1. Based on the mean of other beta carbon atoms within 10 Å per residue, what is the order of 80-86, 198-204, most packed first?
2. Amide H of residue 236: which non-local residues (sequence gap of 5 or more, or other chain) have their own amide H closer than 5 Å, using H built in the peptide plane?
3. Counting only helical runs of four or more DSSP H residues, what would the 222 nm mean residue ellipticity of the chain come to if each run contributes -39,500 (n - 2.57) and the total is spread over all its residues?
4. Over the Cα atoms of region 20-75, each weighted equally, I'd like the Debye log10 I(q)/I(0) at q = 0.19, 0.22 Å⁻¹, rounded to two decimals.
5. Kindly rank 216-224, 153-161 from highest to lowest mean number of other beta carbons found within 10 Å of each residue.
6. Can you classify the chain as rounded, prolate or oblate using the Cα gyration tensor, where a ≥ b ≥ c are the square roots of its eigenvalues, rounded means a/c under 1.5, and otherwise it's prolate if a/b beats b/c and oblate if not?
7. Let me know the shape class of region 130-226, please: from the alpha-carbon gyration tensor, a ≥ b ≥ c as square roots of the eigenvalues, rounded when a/c is under 1.5, otherwise prolate if a/b is greater than b/c, or oblate.
8. Once a ≥ b ≥ c are taken as the square roots of the eigenvalues of the Cα gyration tensor of region 169-313, is the result rounded (a/c under 1.5), prolate (a/b larger than b/c) or oblate (a/b not larger than b/c)?
Amino acid sequence: MSGQSRKNPLTRQKWMPILLATLGLAALLSVAAPAFLSFANMQSILVQASVTAIMAIGMTFVITTAGIDISVGAILFFTSALFAKLMLETGSYPLAFAAAMLCATLLGALNGLLIVRFRVSPLITTLATYSIYRGAAIHLTEAQNIPVPREMGFLGNGRIFGVPVPILILAVVFLLGVYLFTQTRFGVYIRALGASQRSAHETGLPVDRVTVLAYGIGGFLTGIAALVLLARVGGLQSGIGIGIEFTVIAAVILGGTKLTGGTGTVAGSVIGAVFLVLIDNGLNLMNASPYIYDAVRGAVLLAAVVVDRLSTHRRHVTLEKRKRERLMAAA
């Protein structure tokens, strides 16, 4: 039986546990509320998860390098603020879009540049830039809510051939993310970098360039998510993006990407984002207090991290045991 399991490629996928957990939770919710399985509700769940999932795909690249980006919520806010401000003052979609996406990418890449240039912990670096980016966005907007043109709502609430636009955007980002992560030399580099930065340096990999690019991709995808969110809510609000970085990181970790780097999965991160939306959906069905949502998400993330650490420790012990056995056999 164990041999058959090893031969089945599906059982070896890092996203399989979160997929099973998501299906199990969906089954429970469908029993609790038959309307849960309706086509409209499924679409609504995917639309709600789209912003987090798009950001989680970018965060997968970052965490796989053994990094982390706490500033994505602030990048989302700053990008939204810049876009809304430029739309208000110029009325030019191309200008606002180009400036917002360029800015989001540069802010993400700046995080990577600071990390490789000054060798400061990614956590500390991005915690600092979080405050800088968010403060800059508040200064830019003077803490005012800014509406965006009504036609922009198509990006967040429109449909193409009956499919919500945010789901289509997520599908395109997902396919490109999977390709970049699994089929390109860059994907190999970020996994090698996360597995061992020292070995990556010794083998001549462009470590600094790969790190900056990974953070830049995270920023770029955060920019896309910012515009989708801005379109969905109809305008800039001062509280936009607060706390979303923890939801994004939770989705990535739940999806099977290791905090220690070296191993990641784009598909798992998207499923993790859907799983977190399902938790909210379930709490809503149970009429739970909105004040416990964050606590429940935190408990789920803590459980995932503990399971991941135990799994890593068990794998390490097994490898050490096999190593000792080979040495004893050779002696």
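1. Ranking the peptides 80-86, 198-204 by packing returns 80-86, 198-204.
2. Sorted by chain and number, the residues that satisfy this are 146, 148.
3. About -25500 deg cm²/dmol.
4. -0.78, -0.87
5. Going from most to least packed, we get 216-224, 153-161.
6. oblate
7. Oblate, because a/c is 1.5 or more while a/b does not exceed b/c.
8. It is oblate, given that a/c is not under 1.5 and a/b is not larger than b/c.
The values are calculated or read from the model by the stated rules, or taken from the named source; none is laboratory data. Treat the numbers as computed from the prediction; the structure is a model and nothing was measured. Positions of Cβ are backbone-derived with ideal geometry, glycine not excepted, and every protein chain shown enters the neighbour counts. Surface accessibility is based on the protein's heavy atoms, side chains included, excluding ligands, DNA and RNA. Shrake-Rupley method; radii C 1.70, N 1.55, O 1.52, S 1.80 Å.
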